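The values are calculated or read from the model by the stated rules, or taken from the named source; none is laboratory data. Worth saying up front: this structure is predicted, and the values here are computed from it rather than measured. Here the Cβ positions follow ideal geometry from the backbone for every residue, glycine too, while neighbour counts run over all protein chains shown. Protein only, heavy atoms only, side chains kept; ligands, DNA and RNA dropped before computing areas. Shrake-Rupley method; radii C 1.70, N 1.55, O 1.52, S 1.80 Å.
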Amino acid sequence: MSDARPDARLDDSRPYQCFMGRWEGLCKTFTPEGDFLEATHVSMDVRWIDESTWHLHEDFANLYGVGPQIFDTDIGVRDKVCFARSEAIDVDGTMLTPFNYVFTLDSRVTQSLVYNNHYFLDPDTRRIITHKVRDGKTSIFQIQDFVRIERP
């Protein structure tokens with residue numbers, strides 16, 4: 001029986017494959033009380049470097065509390081987990097399902113511990129819900145909505 005979904009080719013079981021491509025999005029920032037603070041444009045370009053490493057190029061027009069920011073990060077993969085270490089950020093991620101991922105980031109840029117939940121609403125639409133913690137307390141929440149504009 002064939003898969004009726006038109007984008008079934010993106011459903012392969014390779015962890016992190018669903019992240020690949022160019023993405024355009026909007027990052028909305030909220031106070032710990034849920035009050036809206038700002039929205040800013042974010043672009044991502046995600047590509048495999050080799051069989052066990054992918055590269056994330058992330059461009060924030062205005063990273064809240066920091067200003068314009070570009071991250072270039074090589075992320076290693078072992079089974080369902082991923083990891084990266086750099087001067088700016090440490091990343092640890094886990095695939096829960098082929099379209100649901102969780103990440104913990106230790107950001108020296110924002111001086112916070114960042115918890116990201118990535119939900120793929122469909123193969124070309126992704127939502128990230130972010131919880132940033134500084135000094136043991138929630139500093140902000142963010143919601144990032146992305147649309148894939150170019151597939152691998």
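Here the 3J(HN,Hα) profile of the stretch 66-79, calculated from phi with Karplus coefficients 6.51, -1.76 and 1.60 at θ = phi - 60°, is 10, x, x, 8, 10, 10, 10, 10, 8, 10, x, 10, 9, 6 Hz, Gly and Pro shown as x.
Under a 1.4 Å probe, what is the accessible area of the chain per residue, stated in Å²?
Details: 8070 Å² over 152 residues.
For the chain, the per-residue accessible area is 53 Å².
Within 14 Å, Cβ to Cβ, of S52, how many net charges do the neighbouring residues add up to if Lys/Arg are +1 and Asp/Glu are -1?
Details: positive: R14, R47, R78, K80; negative: D50, E51, D74, D79.
My count for the surroundings of S52 gives 0.
Taking the 1.4 Å solvent-accessible surface of the stretch 24-80 as the whole, the part contributed by carbon and sulfur is 52%.
Here each label is just a point 7 Å from Cα along the line to Cβ, and for T31 and I70 those points are 3.5 nm apart. Roughly how many whole Å is it from the C-alpha centroid of the stretch 12-39 to that of the stretch 110-152? Cα centroid of the stretch 12-39 versus Cα centroid of the stretch 110-152: 4 Å apart. Computed across the stretch 100-152, the Kirkwood hydrodynamic radius from all distinct Cα-Cα pairs reaches 12.0 Å.
Once R0 is set to 30 Å, what does the formula 1/(1 + (r/R0)^6) return for the Cβ-Cβ distance between I129 and R78, expressed as a FRET efficiency to the nearest 0.05? Display every interim value, and only then the final one.
Numbers: r = 25 Å, r/R0 = 0.83.
E between I129 and R78, to the nearest 0.05, is 0.75.
Counting Lys +1, Arg +1, Asp -1, Glu -1, what net charge surrounds S107 among other residues with beta carbon under 9 Å of its beta carbon? Around S107, the surrounding residues sum to 0. How many percent of the accessible area of the stretch 88-152 is carbon or sulfur, using a 1.4 Å probe? Ligands and nucleic acids excluded, carbon and sulfur give 56 percent. Taking D92, D35, D59 as the candidate residues, the one with maximal mean-square fluctuation in a Gaussian network model of the chain, Cα springs under 10 Å, is D35.
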